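Report on the following structure.
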């Protein structure tokens, strides 16, 4: 039995599973949605007036400072301020200071609009969408792996399969390889969708145009695609290990799904915060060294560490500004080590364990 | 003598404290229909699992098709068709696609064979239906078709008629007898005595992981054939019989007769011995023991 033949029949079997297609569609639609969201945000923001809380009187003698909402767009366009809350008068207004504040605000908004344009026009749209989709692809890859490996235990079909002699090691290799290939295929579809969405949304906005569309830019796109795909591989190894590890439990598939996705989410929401929390605390200095080799932290570095956009709201990046991401090579090696070590343990268990019944 | 297709020596498997199989030495000659008979928990499924490489033995050796299995059983397993307990298939695939997949991973791709097998097990009409819509009986039939994929030299069947209705059981048993004709070897693990009696040539009776009796089915039954004897003087007859070395136990057979553990072909010698002391048989006939009686005797008594 050759590997390609076994892979062909595994694919014959897997293609009938609706849930696998649903997961891959979620991944591809999400990638496209990232572009649409940026475009919609731009459309929403671009014509809004710049409104700010302007301090009229920095040193009010009686009432103290007073903040009043002011339409900066109108003010900067030369429309004078005509109304002032009592007991103030127009003479109390610090016009130069108000002008500076309004200009700063307008510049900030313009900068934000520029970033949004970059995120829905080519090639920036691909880079930004791939990073975020890369993050989403991790739990999807873990779930896919559990579906492909763990379900065999749950249904008792592992025994029926092994009884036809495909070989344990070869079977697991083909299964994991197929998950990685499915993911790569989904990434390619996602890339095409991102590009198509970017072309459509950019065409809808007359005042913007695509950026650098040279071969070099597409080379970077290919690199980003490879990075996003690679980021999911350690989690495929992890999910495979957990699937085999929990195979003897009746709820093993559920446990493997929960733990592999849970591990990812816990890291996502805690590591950044802990780095921040322990920063400068002598007793927890070891934590800094520990996270250097933490999978989640290195995955974040791999996906977002290249001067990427701030991941505000995502706790994994909650330490931005207080801790530096590891370098690319370091992140790559740590991820590779996780792929190999977790994978080796999974293969070893899969090879040695008795398959005694439906639960393995 | 035919070569052994399956041969185990000192095969032992422990699951923690549970001794599922103990020091099992078994030979299954080529072309036989061999029964593994035992109550639930006797170790039948574990033995088949070890032969298929699904379960690692704690100790002992296994030879399949004359080759000792050391590590991977993949090569040998491709010459084996097997069913273990309730057959498990992919619930979202049809019966036909399940068979196509398993045929494919075994290295084949022959749709005609699948159609033939579906027809053979009576599933041709439901071949396109998803497996999760099958009744238990249909699942077993599909399991049988799965086991027959690739026309295997050795069939290992663990309770193949479980869940079938009586007519289904009869059909499957008939099929097993047909499959066992010729060179193919069949190992049938079952707790159903009449099934083993009807289908198998040889049988090993298992209890708590050990073989407690093994031989030709006809021998095991025949070995236990006894003589029912009524005489003119039972008390004297008992004394005479006790002195004959080829007579085993003598027990009350009910209705004023004795049950004598002796080969039926020695009935003449027995009459002659009694006649020498002027005791004459008033009734003398062979009582055939069923495999069921024999099985109960050896499993309850721990040996024949």
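Any read-out appearing in this document is the output of simple, stated calculations on the displayed coordinates, not a laboratory observation. None of the values given here were measured: they were computed from a predicted structure. Methodologically, a virtual Cβ is constructed for each residue, glycine included, from the backbone with ideal geometry; neighbour enumeration extends over all protein chains shown.
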### Task
Measure nothing fancy, just the Cα-based angle from helix B:166-179's long axis to the longest principal axis of chain B, in degrees from 0 to 90, nearest 10.
90 degrees
### Message
Run the simple label-point estimate for residue A:69 and residue A:276 please: 7 Å along Cα→C-beta, distance reported in nm.
### Response
2.8 nm
### Counting DSSP beta bridges with both ends in chain B, the antiparallel % (nearest 5)
65 percent
### Message
Between B:65, B:131, B:15, where does the largest GNM mean-square fluctuation fall for chain B, given springs only between Cα atoms within less than 10 Å?
### Response
B:15
### Summary
In this structure, the FRET efficiency calculated for residue A:12 and residue B:271 from their beta-carbon separation, with R0 = 51 Å, to the nearest 0.05, is 0.10
### Query
Looking only at other chains, what is the average number of their beta-carbon atoms within 10 angstrom of each beta-carbon in B:45-51?
2
### Task
Take the Cα coordinates of the stretch A:135-235, assign each an equal point scatterer, and use the Debye formula without solvent to give log10 I(q)/I(0) at q = 0.16, 0.19 Å⁻¹.
-0.80, -0.98
### Label-point separation in nm, residue B:246 to residue A:336, each point 7 Å along Cα→Cβ
8.2 nm
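On a full-extension model of 0.36 nm per residue, what is the gain between residue B:151 and residue B:129, subtracting their alpha-carbon distance, rounded to one decimal in nm? Could the numbers behind the result be given before it?
Values: separation 22, 0.36 × 22 = 7.92 nm, distance 2.43 nm.
5.5 nm is the gain from fully extending residue B:151 to residue B:129.
Please arrange A:133, A:89, B:32 by how many other C-beta atoms lie within 10 Å of their C-beta, fewest to most.
A:89, B:32, A:133
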### Task
With no solvent and one equal point scatterer per Cα, compute the Debye intensity ratio I(q)/I(0) for the stretch A:82-132 at 0.18, 0.19, 0.23, 0.32 Å⁻¹ and report its log10, rounded to two decimals.
-0.68, -0.71, -0.86, -1.06
### Task
Run through every distinct alpha carbon pair of the protein assembly as shown and return the Kirkwood hydrodynamic radius in angstroms, one decimal place.
31.2 Å
#### Entry: Theoretical FRET efficiency, 1/(1+(r/R0)^6), r = Cβ-Cβ of residue B:170 and residue A:29, R0 51 Å, to 0.05
0.40
### Message
Based on the alpha-carbon set only, what is the convex hull volume of chain B divided per residue, in Å³?
### Response
157 Å³
### Message
Just to be sure I understand: with springs between alpha-carbon atoms less than 10 Å apart, which residue in B:129, B:42, B:273 has the highest mean-square fluctuation in the Gaussian network model of chain B?
### Response
B:273
### Query
How far, in degrees from 0 to 90, does helix A:215-245 lean away from the longest principal axis of the Cα atoms of chain A, to the nearest 10?
50 degrees
### Equivalent ellipsoid semi-axes - Cα gyration tensor, the stretch B:148-209, angstrom
18, 16, 11
### Task
Sort the following peptides by mean Cβ neighbour count (other Cβ atoms within 10 Å, averaged over residues), highest first: B:159-167, A:17-25.
B:159-167, A:17-25
### Task
Rank these for me by crowding, A:84, B:240, B:187, going from fewest to most other beta carbons within 10 Å.
A:84, B:240, B:187
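Expressed as a rounded percentage, what relative contact order does chain B have, with Cα pairs under 8 Å and six or more residues apart?
Relative contact order for chain B comes out at 20 percent.
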### Query
If the stretch B:201-251 were replaced by its equivalent ellipsoid, with semi-axes equal to the square roots of 5 times the Cα gyration tensor eigenvalues, what would those be, largest first, whole Å?
32, 12, 9
### Summary
Under the 7 Å Cα-to-Cβ spin-label approximation, residue B:183 and residue A:205 lie apart by a distance in nanometres of 7.5 nm
### Query
Once the Cβ-Cβ distance between residue A:285 and residue A:136 is put in as r, and R0 is 35 Å, what FRET efficiency do you end up with, to the nearest 0.05?
0.55
### Query
Once the Cα atoms of helix A:124-145 and of chain A are each reduced to a long axis, what angle between those two axes, in degrees from 0 to 90 to the nearest 10, is obtained?
40 degrees
### Summary
One finds the C-alpha centres of the stretch B:42-118 and the stretch B:231-293 to be spaced, in Å, by 50 Å
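Contact order normalised by length for chain A, with contacts defined as Cα pairs under 8 Å and 6 or more residues apart; what percent is it? Present the calculation step by step, with values, prior to reporting the outcome.
Details: 452 pairs, mean separation 77.0, N = 360.
Computed over chain A, the figure is 21 percent.
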### Antiparallel %, DSSP beta bridges [both residues in the protein assembly as shown], to 5
70 percent
### Summary
One would report the Cα pair-distance distribution of the stretch B:232-283, bin width 10 Å, in %, as 25, 66, 9
### Query
With chain A treated as a Gaussian network of Cα nodes joined by springs under 10 Å, which of A:266, A:236, A:195 yields the largest mean-square fluctuation?
A:266
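If the viscosity is 1.306 mPa s and the temperature 10 °C, what translational diffusion coefficient in µm²/s does Stokes-Einstein give for chain A when Rh comes from Kirkwood over Cα pairs?
It comes out at roughly 67 µm²/s.
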### Summary
the stretch A:107-137 scanned against label point 7 Å out from residue A:265 along Cα→C-beta; backbone N under 15 Å for A:136-137
